[in-house]
Amino acid sequence: MGCAVSGLGLAPKQAAETKKGEDVVAHLTEEQIDMIKESWKVIQEDIAKAGIIMFVRLFETHPECKDVFFLFRDVEDLERLSTSKELRAHGLRVMSFIEKSVARLDQLERLYQLALELGKSHYRYNAPPKYYEYVGSEFICAVQPILKEKWTPELEEAWKALFRYVTQIMKKGFEEEEIKHSHVVVSTKERPDKKNTAL
Ligand code: HEM
């Protein structure tokens, strides 16, 4: 595999920077935003390939993630998976989310909403936040060879910062959805017809 990226980690909670992002702050400088945008122009030309590599690597390094995918969980042969139409389509969906995130780097409020909704949908997919940071590391490994000598430690740090931001918001969305559903369970228990059964 040959790509060692240290974990993305989570930035400490700090004061609000965006209206809705009370406790999630984008630690991205103007310079980092420009670097990400420039590098995306190159990555964009190879997104289908990068998407597949990213997911095959994810399943290789963290097989527990594969079990979350109904379509892929029973496929043992990762070589075969790399040619699957479904994985290609899924990789493209994720890359297109990254593309939207890059486009919204100047409108963090909109990026926040996008990532929050994605976190909520991942609650429905049963994909827990503890796995999200792996995606950023595998994305970096997948795009490094595309950028060749244009890849620098500073660019790597910029992409890590973006993934840290997005995954923190996704985690928040996941947790909001989790809380919402736990309330639904409580209110079911409190239904009047339920109470009456004890009589
Ligand atoms: C940075 C992290 C991640 C990003 C940006 C991301 C992005 C996406 C996107 C854009 C979709 C398409 C559907 C939608 O928009 O709701 C999706 C679907 C999905 N993701 Fe993720 N994802 C991430 C991490 C993960 C992880 C770690 C897992 C599993 C452990 C996972 C499991 C799934 C599943 C099961 C689906 C639905 C697949 C389907 O039914 O077609 N995701 N993800």
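The values are calculated or read from the model by the stated rules, or taken from the named source; none is laboratory data. Bear in mind the structure is a predicted one, so any value in this text is a computation, not a measurement. For neighbour counting, all protein chains shown are included, and Cβ atoms are generated from backbone atoms with ideal geometry for every residue, glycine included.
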Inset, instruction - Considering (1) at pLDDT 95 or above; (2) under 25 Å from Asp67 (Cα atoms); (3) within 11 Å of the ligand (Cβ to nearest atom), say which one Glu99 fails and leave the rest. - result: (2)
Inset, instruction - Would you tally the residues in region 126-156 being more than 12 Å from Met170 (Cα to Cα), loosely packed, with under 12 Cβ neighbours inside 10 Å and without any contact (Cβ under 8 Å) to a residue 60 or more places away in the chain? - result: 4
Inset, instruction - Inspect region 32-42 for any residue being in contact (Cβ under 8 Å) with a residue 60 or more places away in the chain, more than 10 Å from the ligand (Cβ to nearest atom) and not in a helix (DSSP H, G or I) and give the result as yes or no. - result: no
Inset, instruction - Go through region 57-70 and give me each residue that's part of a loop (DSSP other than H, G, I, E, B) and either among the hydrophobic types (A, V, I, L, M, F, W, C) or within 22 Å of Cys3 (Cβ to Cβ) (or both). - result: His62, Val68, Phe69, Phe70
Legend entry - For Asp106: the one exception among (1) in a loop (DSSP other than H, G, I, E, B); (2) under 20 Å from His122 (Cα atoms); (3) more than 18 Å from the chain's Cα centre (by Cα): (2)
Inset, instruction - Only residues that are outside any helix (DSSP H, G or I) and closer than 21 Å to Cys65 by Cα: list them for region 116-167, please. - result: Tyr125, Asn126, Ala127, Pro128
Inset, instruction - Select, from Glu138, Glu157, Glu133, Glu117, the only residue that is modelled with pLDDT under 95 and in contact with a helix residue (DSSP H, G or I) (Cβ under 9 Å, 6 or more places away or on another chain). - result: Glu133
Legend entry - Matching residues, region 70-82, being touching a residue at least 12 places away in the same chain (Cβ under 8 Å) and among the aliphatic types (A, V, I, L, M): Leu71, Leu78, Leu81
Legend entry - Flag if Asp67 is of a type in the set (Asp, Glu), closer than 12 Å to Ala142 by Cβ and either surrounded by fewer than 20 Cβ atoms within 10 Å (Cβ to Cβ) or in contact (Cβ under 8 Å) with a residue 60 or more places away in the chain (or both): no
Legend entry - Enumeration of residues in region 71-88 that are out of contact with any helix residue (DSSP H, G or I) (no Cβ under 9 Å at 6 or more places or on another chain) and either near the ligand (Cβ under 10 Å from one of its atoms) or assigned to a helix (DSSP H, G or I) (or both): Arg80, Lys85, Glu86
Legend entry - Single condition Ala48 does not satisfy, out of (1) closer than 28 Å to Gln32 by Cα; (2) hydrophobic (A, V, I, L, M, F, W, C); (3) within 16 Å of the chain's Cα centre (by Cα): (3)
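Yes/no matrix, rows are residues, columns are (1) in contact with an Asp or Glu (Cβ under 9 Å, 6 or more places away or on another chain); (2) over 18 Å from Ile47 (Cα atoms):
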| site | (1), (2) |
| --- | --- |
| Arg88 | no, no |
| Leu118 | no, yes |
| His122 | yes, yes |
| Lys130 | no, yes |
| Val143 | yes, no |
| Ile146 | yes, no |
| Arg164 | yes, yes |
| Gln168 | yes, yes |
| Phe174 | no, yes |
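Could you tell me how many of the residues in region 79-99 are surrounded by 12 or more Cβ atoms within 10 Å (Cβ to Cβ) and more than 18 Å from Met35 (Cβ to Cβ)? Break it down stepwise before answering.
Residues of region 79-99 that are surrounded by 12 or more Cβ atoms within 10 Å (Cβ to Cβ), as a first pass: 81-82, 84, 86-92, 94-99.
With the extra rule that they be more than 18 Å from Met35 (Cβ to Cβ), the set shrinks to 81-82, 84, 86-92, 94-97.
Residues that pass the stated criteria total 14.
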Inset, instruction - Among the residues of region 104-125, write down those that are exposed (fewer than 15 other Cβ atoms within 10 Å of the Cβ) and either more than 15 Å from Tyr165 (Cα to Cα) or within 9 Å of the ligand (Cβ to nearest atom) (or both). - result: Glu117, Ser121, Arg124, Tyr125
